[in-house]
Amino acid sequence: MTYTAEISRANPSCFLFLIDQSGSMADPFGVGESNRRKADGVADAINRLLQNLVIKCAKEEGIRDYYHVGVVGYGDQVGPAFSRSLAGRELVPVSEIGNMPDRVEERTKKVDDGAGGLVDQSIRFPIWFDPVAKGGTPMCKALSGAHSILQGWLAQHLACFPPIVINISDGEATDGDPSGAADDIRKLSSNDGEVLLFNLHLSSQRASPIEFPDSEADLPDQFAQLLFRMSSPLPSYIRSIAQQEGYKVSEGSRGFVFNADIVAVIRFLDIGTRPSDLR
Amino acid sequence: MQVFAQAFWAPKAGNNDSEYEDAFWPGKPLHGEATCFRFAVADGATETSYSRIWAKQLVRYFCKSRPDAAFIGEGLRDLQQRWSTIVRKRPLPWYAEEKIRLGAFASILGVVLYDDVRCDGHHGKWEAIALGDSCLVQMRGEEVLARFPLDNSASFTNRPHLLSSNPAHNNRVLEHLRRIEGTWQPDDAFYLMTDALACWFMREVEEGRMPWIFLRDLDTSGEVKPFPEWVEGLRIEKAIRNDDVTLLRVDIT
């Protein structure tokens, strides 16, 4: 049985996000909030995701290190994208992420008052990333970097729930064919299964997203087909989460979304990072 | 009626005793005679914070405050406010505040045993309420008389209905509060179990084994192993899910 390892403080797992920070990320999403820059949407989604991961791991005594998390940016430069006190770190225990946001903003949220009404509640909103959009799309270099980060991690965590890599991009690699580097990542494994590589293609087109496809036949261009082939098939535990969330998935479905709008980005990150067996 | 009640518990593997988030009442072994006894177990949800405090509040509330059968209303509201006061005693980091805003969650199983006055204290009735997947089993000799609220191992899912310390989350949940009643006679035994143990128990029964023998013999001359060691063995065999485990055994003597 694969993808069944318990995730615990003694046996943590790992998430690695690869974020396209190329110049075209300054273009708006094609669907929905049409004036929203893709770079802004992705930064927001990653901040929310980190916030959710920290909250999931938080207990009364503090944050339990169930995960180590890394974010690699690629655009003008390729490298770890954390800033300030976490700058330069490749994989960071989730407790350090929770305790060291770049800043914490005050926001107001409407919440259920338990008596059928809504009340405004002030909440603190931590920020780790600001949007960046500059340079080309050196995806091959980002994937190779991810490979070496994960190789080091796996050498020390042989029995871990396999790491999950989520690559978020809006365009073609400008430094060659990324499929070899993607294959190398998917071949890495722990005793519990192979590393999962998911790809999220952001869109400036006004077309609905194609989520978790099981064939490349309906994908409109070569680049989408390439990203589909680079993506891992969904393991059964993620298929069942996706089904519960209303997605149509089959055994051949892959961790790939084409033409994602901001809603699809958030839903995909939520499904791809939901723990299977957190203890 | 005379009863002897004793709890056995073990934290999930990898956690220490202070991280155990189930709760039971009474907190100490009880050997006594009365016309009415109340017992409860609760299972605080792992992914929420301060669920141990919430689970403890629930079992104490059920057993000490003697709520009416509905188990809702003002009492629960007071309990939620007290939880909020306890957990907000000091300034908290952003994630702890958010966790408190989300609330703690726990299952609750409560049982009341009454004497039947017409029977001179030798027979009587029982009632139970449950929300979630902590389960009650009534044994008479080698027969399983009642299983409540779940009655088979396949019914245990990862998403039970749980009672929250945040009133906003309880609007629909209370629709899932279940009740049952029955009768007892001398030498009956009641096992109140949190979900991992209850699921194991039911699977054993379904497969034709007699899981009550081990539970019955705990802390007697017939005991095979102390409870935590035995649970550890089941975890190694993957016969039981790695979770906090609680048994509250009530013997009518």
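Of note:
- Placing unit charges on the Cβ atoms only, positive for Lys and Arg and negative for Asp and Glu, gives segment B:72-155 a dipole magnitude near 640 debye about its Cα centre.
- Note on chain A: helix-only mean residue ellipticity at 222 nm, from DSSP H runs of 4+ residues weighted -39500 (n - 2.57) and normalised by residue number, equals -9000 deg cm²/dmol.
- Bins of 5 Å, starting at 0 and running to the largest distance - Cα pair percent for segment A:1-91: 3, 12, 17, 20, 17, 13, 9, 7, 2, 0
- Principal axis dimensions, segment B:130-253 - Cα atoms, whole angstrom, descending: 49, 37, 26
- Legend: residue pairs A:K56/A:K109; A:K109/B:K64; A:K110/B:K12; A:K141/B:K99; A:K56/A:K248, Cα-Cα distance threshold 29 Å; pairs beyond threshold, A:K109/B:K64; A:K110/B:K12; A:K141/B:K99.
- Fully extended contour minus Cα-Cα distance, from A:V104 to A:R206, at 0.36 nm per residue: 33.3 nm
- Total charge dipole magnitude, segment B:2-252, about the Cα centre, Cβ charges on Lys, Arg, Asp, Glu only, Debye to nearest 20: 1060 debye
- Loop-located GluC sites (Glu not before Pro) across segment B:90-175 with a Cβ neighbour count of 16 or fewer within 10 Å are B:E142, with loop assigned by DSSP.
- Charge dipole (debye, nearest 20) of chain A; +1 at Cβ of Lys and Arg, -1 at Cβ of Asp and Glu: 420 debye
- For chain A, convex hull volume per residue from C-alpha positions, Å³: 142 Å³
- When the alpha carbon coordinates of segment B:70-194 are projected onto the principal axes, the ranges are 56, 35, 24 Å, largest first.
- Built amide H within the under 5 Å cut-off of B:E21, gap 5+: none
- Isotropic mean projected area of the C-alpha convex hull, segment B:2-252 (nm²): 13.9 nm²
- Every Cα-Cα pair in segment A:105-146 was counted, and those over 15 Å apart are 68% of them.
- Cα-based reach from A:K38 at 19 Å (exclusive), listing lysines while leaving out same-chain residues under 8 positions away: A:K134
- Hydrodynamic radius (Kirkwood) for the protein assembly as shown, which is based on Cα pairs only, to one decimal in Å: 25.5 Å
- Segment B:2-252: relative contact order as a whole-number percent, Cα under 8 Å and 6+ apart: 25 percent
- Radius 10 Å from Cβ of B:I53, net charge of other residues (Lys, Arg +1; Asp, Glu -1): +1
- Qualifying GluC sites (Glu not before Pro) for segment A:1-103 [loop in DSSP, other Cβ within 10 Å: at most 16]: A:E33, A:E61
- Within chain B, longest stretch clear of exposed trypsin sites (Lys or Arg not before Pro) (DSSP loop, no more than 15 other Cβ within 10 Å): B:1-87
- Other-chain or far-sequence residues with amide H under 5 Å of B:L150's (modelled H): B:L136
- Least to most buried among B:L247, A:L202, B:L197 (fewest other Cβ within 10 Å first): B:L247, A:L202, B:L197
- When the protein assembly as shown is described by a simple charge dipole with +1 on each Lys and Arg Cβ and -1 on each Asp and Glu Cβ, the residue from A:G180, A:L154, A:Q51 located farthest towards its positive end is A:Q51.
- With Cα atoms as the point set, the radius of gyration and Dmax of segment B:1-104 evaluate to 15.7, 51 Å.
- Counted by neighbouring Cβ atoms within 10 Å, the residues A:F15, B:F4 run from fewest to most as B:F4, A:F15.
- For segment A:169-279, the normalised intensity computed at q = 0.12, 0.21, 0.24 Å⁻¹ comes to -0.41, -1.25, -1.53 (log10 of I(q)/I(0), Debye sum over alpha carbons, equal scatterers, no solvent).
- Amide H contacts of A:G255 (H built 1.01 Å from N, in plane; Pro and chain starts excluded): A:S232, A:L234 sit under 5 Å, all sequence-distant by 5 or more or on other chains.
- Neighbour counts of other Cβ atoms within 10 Å put A:H147, A:H201 in the fewest-to-most order A:H147, A:H201.
- Residue-wise HN-Hα coupling along segment A:147-163, computed from phi with Karplus coefficients 6.51, -1.76, 1.60 (Hz; x: Gly, Pro): 4, 6, 4, 6, 4, x, 4, 5, 4, 9, 9, 4, 9, 6, 4, x, x
- Over segment B:162-230, equivalent-ellipsoid semi-axes from the Cα gyration tensor in Å: 31, 17, 13
Read-outs throughout are calculated quantities, based only on the coordinates presented, and are distinct from any laboratory measurement. As the structure is a prediction and not an experimental result, all values here were calculated from the model. Glycine gets a Cβ as well: all are built from the backbone with ideal geometry, and neighbour counts include every protein chain shown.
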